[in-house]
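Some notes on the structure that comes next.
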Amino acid sequence: MFVGSVETVGPITVERDREVVMRDGVVLRADVYRPGNAADLPVLVQRTPYDKSVYTELGVYYANAGYIFVMQDVRGQFASGGVWEPFVNEADDGFDTVAWAAALPGSDGRVGLVGTSYQGYSAWRAALLRPPALAAMACAVTPVDPYDWFFPGGAFSLAFAVTWLTRNVASSAVAKLPDGAELSEAMTRAYDALGERWYRHLPLNEFPPLLPDRADVAPYFFEWINEHPIRDDYWRDLSLRGRLPEVQVPVLTMAGWYDVFVPAGVETFRALRGAGAGDVAEGSRLVIGPWAHNGWSRELGEVDFGADAARSFPGAVVAWMDHRLKGVTPESEETPVRYFSMGDRTWRAAETWPPEGFEPTRFLLRAGGALAESGPGEDGPGEEPDHFVYDPSNPVPSVGGQSCCYTPQSSFGPYDQRAVESRPDVLVYATPPLTEPLEVAGGVRVELFASSSAPDTDFTAKLVDIGPDSRAINLCEGIVRARHRDGTGTERFLEPGRAERFEIELQPTANVFGVGHRVGVEISSSNFPTYDRNPNTGAPFGRSAALRTARQTILHDAGHPSALILHVRR
């Protein structure tokens with residue numbers, strides 16, 4: 001029996017707070033948007049931890065496009081019952097919701113799952129169970145692996161993690177508690193003070209804004225720090241990695257060059273188009289634009305990418321679902337990949353990712369801050385290493401980049417890095433000015449030979465496009481925690497002073513470095529607060545407030561060929 005309220009928005013009927021009973025008896029609630037002629041229509045389902053009631057405009061948009069649209073609060077959030085546990089319940093709850101939506105009056109029995117960010121993850125978790133009614137998906141800026149979300153390269157995504165919790169999901173979940181209003185207000189105040197106070201709080205496992213003494217507020221945050229700082233079975237159970245080809249419906253994936261989840265978008269597409277994927281899933285598409293997590297406009301940071309850069313995710317969803325669920329022929333010929341090439345600000349089409357014709361190319365770090373495709377021969381003169389001191393009490397500030405999700409608490413987008421590069425703890429290696437354009441598209445990696453005076457430390461890398469006016473615009477970035485250099489499921493500490501090989505995976509990118517521009521890479525040991533500060537002590541993660549400085553040595557001789565690896569058009 002329907003329990004809730006009904007309202008109209010123009011020709012659209014909105015059924016508020018429809019009850020959806022899960023297999024364990026917990027009641028989730030959804031708003032259902034229906035066009036005036038709601039008969040034999042496909043259904044779009046989106047499940048959110050961010051309050052379904054604020055999506056009225058989106059619901060009306062999809063209903064006007066000829067869909068029944070279901071927007072549901074996930075378990076433990078806002079109108080839905082149960083306890084909020086990030087990631088844990090989305091598979092079964094999503095499967096049950098798809099079955100419920102397919103049986104709604106007016107449905108033709110076919111369902112499309114839609115979502116951005118966490119909502120996209122919840123869609124994927126449900127899709128892996130293969131609901132019979134599921135016919136297509138459209139997801140944007142969506143993670144594949146929660147461990148990579150919170151511990152990229154083994155470091156901690158400090159800004160993303162604590163803003164997401166204090167501004168969004170923890171604050172909203174605790175509102176259900178008897179003292180919820182007071183708790184939510186306290187978290188809002190903490191969120192406002194993150195930059196000036198809380199980001200530097202140590203130890204992390206006593207982070208005051210999330211009330212470590214309260215088991216009913218955000219216990220999962222402290223479990224991540226105290227019990228699961230490495231990739232273990234807890235994280236593997238939540239990961240989509242290795243299972244993506246099990247989804248047997250076509251998927252539209254949209255990603256942004258300045259979003260933290262762009263590697264996941266690429267991974268999703270390649271899995272669906274690779275060996276083991278079904279024929280239907282091989283119809284999947286990937287679109288990557290010059291966007292951040294929460295923005296799809298032409299302007300981002302300090303760069304205007306042009307009017308053609310802007311896109312609408314809901315508009316893309318309707319076009320995709322019209323084709324997949326209604327049989328509407330696309331207005332233009334579909335290619336598997338469309339990506340925006342920065343630098344020349346042009347959309348390009350490709351059959352694969354990386355696009356054909358782009359080959360991994362090594363640019364060697366050289367003495368004097370040079371970056372070159374050739375290096376010293378084995379019998380040639382050796383090159384002296386470079387050094388810097390990393391002081392975690394004075395970390396390199398994050399200026400733009402690929403964090404999430406709200407400024408000024410988080411830093412994302414393209415910005416001039418010259419102030420960062422002027423610091424003594426940031427090394428910059430750059431090519432000479434280019435005499436012809438250099439086009440890159442694909443993954444980005446740094447192989448670094450380095451040593452440290454500390455038993456554990458971090459190394460960071462940032463790819464920059466240095467213009468003739470010396471502006472250095474960041475393209476992508478990455479980090480590796482030394483103790484996790486053999487993989488994020490293991491720990492091996494450093495022998496101080498001993499050279500080791502580190503791989504730093506940066507986000508993929510596509511850019512044309514123009515004539516007169518230089519390709520640059522920054523090497524340092526911090527990027528704060530995008531990532532937490534490594535204290536250089538080797539103490540268990542998140543449990544100590546002690547800090548020490550580290551002397552870092554970067555080697556780039558014949559026996560230690562440190563290099564930036566880009567996919568270059570040949």
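The values are calculated or read from the model by the stated rules, or taken from the named source; none is laboratory data. Note that the structure is a prediction, hence the values are computed from the model and not measured. Methodologically, a virtual Cβ is constructed for each residue, glycine included, from the backbone with ideal geometry; neighbour enumeration extends over all protein chains shown. Surface areas here come from the heavy atoms of the whole protein model, side chains and all, with no ligands, DNA or RNA. Shrake-Rupley method; radii C 1.70, N 1.55, O 1.52, S 1.80 Å.
Observations on the structure shown:
- Residues considered: Arg533, Arg498, Arg548, Arg518. Of these, the only one that is modelled with pLDDT of 95 or more, under 25 Å from Phe412 (Cα atoms) and more than 27 Å from the chain's Cα centre (by Cα) is Arg518.
- Being within 22 Å of the chain's Cα centre (by Cα) and in contact (Cβ under 8 Å) with a residue 12 or more places away in the chain is a property that holds for Thr509.
- Condition broken by Gly497, with the remaining ones in (1) farther than 20 Å from Val389 by Cβ; (2) open to solvent by 40 Å² or more (accessible area, probe 1.4 Å) satisfied: (1)
- Test: Leu272 is assigned to a helix (DSSP H, G or I) and in contact with a strand residue (DSSP E or B) (Cβ under 9 Å, 6 or more places away or on another chain): yes
- In the stretch 90-131, the qualifying residues are those that are within 22 Å of Pro263 (Cβ to Cβ) and among the polar types (S, T, N, Q), and the one that is most open to solvent (accessible area, probe 1.4 Å) is Thr116.
- Some residue of the stretch 454-472 being open to solvent by 10 Å² or more (accessible area, probe 1.4 Å), of a type in the set (D, E, K, R), modelled with pLDDT of 95 or more and not in a strand (DSSP E or B): yes
- Wholly within the stretch 149-246, helices (runs of 4 or more DSSP H) carrying at least 2 residues that are touching a Pro at 6+ places or on another chain (Cβ under 7 Å): 158-163, 180-192, 219-226, 233-238
- Pairs meeting the criteria (first residue in the stretch 130-149 and farther than 15 Å from Ala91 by Cβ, second residue among the acidic types (Asp, Glu), beta carbons under 7 Å, at least 6 apart or on different chains) are Val141/Asp259.
- Only one entry in Val21, Val6, Val27 is out of contact with any Phe, Trp or Tyr (no Cβ under 7 Å at 6 or more places or on another chain), closer than 30 Å to Phe222 by Cα and surrounded by fewer than 21 Cβ atoms within 10 Å (Cβ to Cβ), namely Val27.
- The set of residues in the stretch 160-192 being over 23 Å from Phe87 (Cα atoms), small (Gly, Ala, Ser) and open to solvent by 20 Å² or more (accessible area, probe 1.4 Å) consists of Ala181, Ala186.
- Residues that are over 25 Å from Arg324 (Cα atoms), among the hydrophobic types (A, V, I, L, M, F, W, C) and in contact with a helix residue (DSSP H, G or I) (Cβ under 7 Å, 6 or more places away or on another chain), drawn from the stretch 80-122: Trp84, Phe87
- Of the numbered criteria (1) over 28 Å from Arg273 (Cβ atoms); (2) open to solvent by 20 Å² or more (accessible area, probe 1.4 Å); (3) not small (Gly, Ala, Ser), the one Val426 fails is (2).
- Strands (runs of 3 or more DSSP E) within the stretch 322-421 that include 1 or more residues open to solvent by less than 30 Å² (accessible area, probe 1.4 Å) and either farther than 30 Å from Val249 by Cα or basic (Lys, Arg) (or both): 358-366, 370-372, 386-390
- For Val440, the stated conditions do not hold, so it cannot be described as open to solvent by less than 10 Å² (accessible area, probe 1.4 Å), within 20 Å of the chain's Cα centre (by Cα) and under 18 Å from Pro290 (Cβ atoms).
- The residues of the stretch 30-52 that are open to solvent by less than 40 Å² (accessible area, probe 1.4 Å) and either among the hydrophobic types (A, V, I, L, M, F, W, C) or free of Cβ contacts under 8 Å to residues at least 24 places away in the same chain (or both), listed by number, are Ala30, Val32, Ala38, Leu41, Val43, Leu44, Val45.
- Taking the stretch 64-82 as the range and being aliphatic (A, V, I, L, M) and touching a residue at least 60 places away in the same chain (Cβ under 8 Å) as the test, the residues that pass are Ala65, Ala79.
- Residues satisfying the stated conditions in the stretch 48-77, i.e. in a strand (DSSP E or B) and farther than 17 Å from Val318 by Cα: Thr48, Gln72, Asp73
- Pairs are defined by a Cβ separation below 7 Å, a sequence spacing of at least 6 or placement on different chains, a first member in the stretch 387-398 that is closer than 8 Å to Phe528 by Cβ, and a second member that is assigned to a strand (DSSP E or B); the pairs so defined are Pro395/Phe528; Val396/Ser524; Val396/Phe528; Pro397/Phe528; Ser398/Phe528.
- Single unsatisfied condition, Val141 versus (1) within 22 Å of Val14 (Cα to Cα); (2) in contact with a Gly (Cβ under 7 Å, 6 or more places away or on another chain): (1)
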